[in-house]
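Inspection log for the structure reproduced underneath, given as structure tokens.
The values are calculated or read from the model by the stated rules, or taken from the named source; none is laboratory data. All values reported here derive from a predicted model rather than from experimental measurement. Neighbour counts are summed over all protein chains in view; Cβ atoms, including those assigned to glycine, are modelled from backbone coordinates with ideal geometry. Ligands, DNA and RNA are excluded from the accessible area calculation, which covers all protein heavy atoms including side chains. Shrake-Rupley method; radii C 1.70, N 1.55, O 1.52, S 1.80 Å.
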Amino acid sequence: MKRLLILNSKGGCGKTTIATNLAGFYAASGTSTALFDYDPQGSSKRWLELRPDQFPDISGVFAAKTTQGSVTRSFALRVPPDTQRIIVDTPASMKRLEMMEMLRSATAVVVPVLPSGIDCHVTLDFLKQLGDLVRQMGLNLPIGIVANRVRLNTRAFKKLKASLEDLDVPLVAFLRESQNYVYAAESGCAVVDLKQPAFKKDNQQWSILINWLETGELLSSIPPSNNESQHALNLC
């Protein structure tokens, strides 16, 4: 069983979008999948409640809820015994001990970032803190960055690329800005569940992230600028 942690101290960077779509992709592949929602806002929990019956089942655990009476925490967080992938959607802010507990059980960490000056600055600080914490804990834990809501050839994205180039943490995938994600979220779907041609490019970008999580292999580089941008998207 692999436990994939979606983590960033910055709110609004797309953690729930990535968590729900990862869960959807694994479920669509026939992998027994559970989605943990540690955010008190419960966005992933609501997404699961909206999920149509015709799509592959995903086990849901609302981990932000406190246990009642004699119910133990471990019992409340149980998943079906055949679960192969656990996707963990985290809140924007966590205490150090809470983060350490999650990191100890994680197989890999995905850090979403938006191509904006504020988001980039906050995320770079968070990545430094995260790297220091992982080293202090003696963990050999893969950490990858996912650029979210990307518009190629914009000044904001070029600045993000430049800021990430000197990091030890790789940019493992980028997701374009698209209303497809809004539609999927409102329908309880992942983009992989929707087979229309309009979703093909999004599904290709997600396949690159899945490949990194499963093999550690980087299939795509940061998309280049100017005239090469469309070619890079076609390759993805």
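Miscellaneous remarks
- Look at region 181-201: where a residue is at positive phi and a partner is open to solvent by less than 60 Å² (accessible area, probe 1.4 Å) and assigned to a helix (DSSP H, G or I), sitting 6+ places away or on another chain with Cβ atoms under 6 Å, you get Gly188/Trp47.
- Of the residues making up region 1-13, those that are of a type outside the set (D, E, K, R) and open to solvent by 10 Å² or more (accessible area, probe 1.4 Å) are Met1, Ser9, Gly11, Gly12.
- Restricting attention to region 195-206, the residues being buried (at least 18 other Cβ atoms within 10 Å of the Cβ) and over 16 Å from the mean Cα position of the chain (by Cα) number 1.
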